[in-house]
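Enquirer: Structure incoming, see below.
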Amino acid sequence: MTSPSAVRNPFGALAGATRRPYLTAAVFAVTLACGIAQLAHPPLYDAMRRDAARIDAGEWYRLVTGMFFQDGWAFGLTSNLVWLAVFGTLAERVFGRARWLVLYFGCGLFGQVMSYLWLNPVGAGNSMCVAGLVGALAAVVMVASRRYGVVLPVQFRVIAFAVPVLAVVDTVAHDNHGLPALLGLALGFLLLPAPVKVAQE
């Protein structure tokens, strides 16, 4: 049976009670600042985006800066920041800050490299970073019952098992979010947090 507390706060039993999402807030602030700077000075986007021709010419920094600027401009900035706030907070509370850094920037950089080499040579955005967090959270949901003794609502379990399927479909469709999500799923299993010990009343 799904407990009432799991319905109200599905990830609460998997997260540290005092763990605050400071890292998510910091990355949110930096990404927001970059987005505002891009909107205020549009040529900045061309200087910072992922661009295969420029990377081939030696501008490797674009694989990193491409994670902070947005090819969707104002709409892309807004939507990506919302997803970062939601999934970043959940992932930081569940995995902790060190694992969060590995998941967010590891998957993001992997997505940037694969986009540069194959999928989408020109662009920018932090959505591939967030896709990695989604994959990692899916891994936690998949093992929540066995590893943590937490039975999450069925819709969470359905979504979790749909993530790898949708990621493969996304990659076949030549979009660049599927591969970071699959890497996040794999890393999520490798970096699973230890079960939280709850004090008995």
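The values are calculated or read from the model by the stated rules, or taken from the named source; none is laboratory data. Nothing here was measured: the structure is a model prediction, and the numbers come from that model. So basically every Cβ, Gly included, is an ideal-geometry build from the backbone, and we count neighbours across all protein chains shown. When the accessible area is computed, the model is the full protein with side chains, heavy atoms only, and any ligands, DNA or RNA have been set aside. Shrake-Rupley method; radii C 1.70, N 1.55, O 1.52, S 1.80 Å.
Enquirer: Between PHE75 and VAL122, how many nm apart are label points set 7 Å from Cα along the C-beta direction?
Expert: 1.9 nm
Enquirer: Another question about this same structure. Which order do ILE55, ILE36 take by accessible area at a 1.4 Å probe, largest first? Write down the numbers at each step before the final one.
Expert: Working: ILE55 0, ILE36 95 Å².
The most accessible residue leads, giving ILE36, ILE55.
Enquirer: Where does helix 97-114 land angle-wise versus the long Cα axis of the chain, in degrees 0 to 90, nearest 10?
Expert: With rounding to tens, the tilt is 40 degrees.
Enquirer: Follow-up. Under the definition of Cα pairs under 8 Å and six or more residues apart, what whole-number percent is the relative contact order of the chain?
Expert: Numbers: 307 pairs, mean separation 50.2, N = 201.
About 25 percent, as a whole number.
Enquirer: At 1.4 Å probe size, with no ligands or nucleic acids counted, give the accessible surface of THR171 in Å², nearest ten.
Expert: In the full protein context, THR171 sits at about 20 Å².
Enquirer: Next question. Compute the long axis of helix 73-95 from its Cα atoms, compare it with the longest principal axis of the Cα atoms of the chain, and write down the angle in degrees, 0 to 90, nearest 10.
Expert: Helix 73-95 sits at roughly 40 degrees to that axis.
Enquirer: In the full protein assembly as shown, how much of ASP175 is accessible to a 1.4 Å probe, in Å² to the nearest 10?
Expert: The accessible area comes out at roughly 50 Å².
Enquirer: What accessible area per residue, rounded to a whole number of Å², is obtained for segment 17-59 using a probe radius of 1.4 Å?
Expert: Details: 2440 Å² over 43 residues.
So segment 17-59 comes to 57 Å² accessible per residue, rounded to a whole number.
Enquirer: If I build a Gaussian network model for the chain, linking alpha-carbon pairs within less than 10 angstrom, which residue out of PRO121, PRO153, PRO180 has the largest mean-square fluctuation?
Expert: Maximum among the listed residues: PRO153.
Enquirer: Here's another thing I want to ask about it. What residues from segment 113-135 fall in the zone where the backbone N is under 17 Å from a label point 7 Å along the Cα-to-C-beta line of ALA37?
Expert: Under 17 Å, as judged by backbone N against the label point of ALA37, lie 124-126 of segment 113-135.
Enquirer: Which of VAL141, VAL172, VAL64 moves most in a GNM of the chain, Cα contacts under 10 Å?
Expert: Evaluated over the chain, the most mobile residue of the options is VAL172.
Enquirer: While we're here: Which entry in (1) -0.23, -0.36, -0.85, -0.97; (2) -0.55, -0.69, -0.97, -1.05; (3) -0.28, -0.43, -0.89, -0.99 is this structure's computed log10 I(q)/I(0) by the Debye sum over Cα atoms at q = 0.08, 0.10, 0.15, 0.16 Å⁻¹?
Expert: (3)
Enquirer: A further question on this structure: At 0.36 nm per residue, and after removing the present C-alpha to C-alpha distance, how many nm does the segment from ALA47 to GLU59 gain when stretched out fully?
Expert: Details: separation 12, 0.36 × 12 = 4.32 nm, distance 0.98 nm.
Gain on stretching ALA47 to GLU59: 3.3 nm.
Enquirer: Still on this model: State the percentage of accessible surface on the chain attributable to carbon and sulfur atoms; use a 1.4 Å probe and exclude ligands, DNA and RNA. Before the final figure, lay out each step's value.
Expert: Details: 6950 of 10120 Å².
On the chain, the fraction of accessible area on carbon and sulfur atoms equals 69 percent.
Enquirer: So if R0 is 35 Å, what FRET efficiency would VAL86 and SER145 give, r being the distance between their Cβ atoms, rounded to the nearest 0.05? Could you put the intermediate results ahead of the total?
Expert: Numbers: r = 23 Å, r/R0 = 0.66.
Calculated value: 0.90.
Enquirer: Angle check, please: helix 154-172 long axis (alpha carbons) against the longest principal axis of the chain (alpha carbons), in degrees 0 to 90, nearest 10.
Expert: Taking Cα atoms only, the helix is inclined about 30 degrees.
Enquirer: Here is a further query. Could you work out [θ]222 nm for the chain from helices alone, using -39500 (n - 2.57) per DSSP H run of at least four and dividing by all its residues? Round to the nearest 500 deg cm²/dmol.
Expert: Mean residue ellipticity at 222 nm (helix-derived): -20500 deg cm²/dmol.
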